[in-house]
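S.K.: After the structure tokens below, expect a handful of questions from me.
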Amino acid sequence: MQGREERAAHKLRDDARAIADAGADLLVLECVPSALAAEITRDIGIPTIGIGAGPHCDGQILVLHDMLGIASGHRRPRFVKNFLEGRDSIEGAVRAYAEAVRDGSFPAAEHGYQ
């Protein structure tokens, strides 16, 4: 988790602007509070891709093993959702993930950090 304290959030905002100004095509925000990710997404002129950064990024990433609920032996991050649960195929899980991102139902508040 990064950017919770104001000083750290300020640094992330500044770094994001610098990366965009340097010519980056996109920015990945991982484990950033949802409100901060939303602010960065509004402020920079390039797409943001979130992984555990809330619903306001321009796109989302979820590692396939996490999307399918495959145990890695590590504690499951709060931004993970098992899309295979209740479905009978990997293809169905991937389609459900894509649709949930498109319609804005994933990530929901419980899949991010405050």
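S.K.: For q values of 0.10, 0.11, 0.22, 0.23 Å⁻¹, compute log₁₀ I(q)/I(0) with the Debye formula on a Cα-only model of the chain, without solvent.
M.R.: Debye intensities relative to I(0), on a log10 scale: -0.31, -0.37, -1.15, -1.22.
S.K.: Choose one answer from Ala100, Ala38, Ala71: the residue with the largest mean-square fluctuation in a GNM of the chain with alpha-carbon springs under 10 Å.
M.R.: Ala71
S.K.: Considering only Ala71, Tyr97, Ala9, whose Cα is most displaced toward the positive end of the charge dipole of the chain, charges sitting on Cβ of Lys, Arg (+1) and Asp, Glu (-1)?
M.R.: Working it through, the farthest residue towards the positive pole turns out to be Ala71.
S.K.: A further question on this structure: Give me the net charge for the shell around Leu36: Cβ to Cβ below 9 angstrom, other residues only, Lys and Arg +1, Asp and Glu -1.
M.R.: In short, +1.
S.K.: For the stretch 50-114, what's the relative contact order in percent, using C-alpha pairs closer than 8 Å and at least 6 residues apart?
M.R.: 39
S.K.: Under a Cβ-only charge scheme (Lys and Arg +1, Asp and Glu -1), can you give me the dipole magnitude of the stretch 1-48 about the Cα centre, in debye to the nearest 20?
M.R.: It works out to roughly 100 debye.
S.K.: Peptides 80-92, 39-51: what's the order by average Cβ count within 10 Å, highest mean first?
M.R.: Packing proxy ranking, top to bottom: 39-51, 80-92.
S.K.: Can you give me the accessible area per residue for the chain, using a 1.4 Å probe, in Å²?
M.R.: Accessible area per residue, the chain: 61 Å².
S.K.: Before rounding to the nearest 500, sum -39500 (n - 2.57) across all DSSP H runs of length at least 4 in the chain and divide by the residue total; then give [θ] at 222 nm in deg cm²/dmol.
M.R.: Taking each H run of at least 4 residues, the total per residue is -11500 deg cm²/dmol.
S.K.: Quick one: among Pro33, Pro55, Pro77, which has the greatest mean-square fluctuation in a GNM of the chain with alpha-carbon springs under 10 angstrom?
M.R.: Pro77
S.K.: Over the C-alpha atoms of the stretch 24-85, what are the Rg and the largest Cα-to-Cα span, Dmax, in Å?
M.R.: 12.7, 38
The values are calculated or read from the model by the stated rules, or taken from the named source; none is laboratory data. Please read all numbers here as calculations on a predicted model, not as lab measurements. No Cβ is skipped: glycine too gets one built from the backbone with ideal geometry, and neighbour counts run over all protein chains shown. In case anyone asks, the SASA skips ligands and DNA or RNA and just uses the protein heavy atoms, side chains included. Shrake-Rupley method; radii C 1.70, N 1.55, O 1.52, S 1.80 Å.
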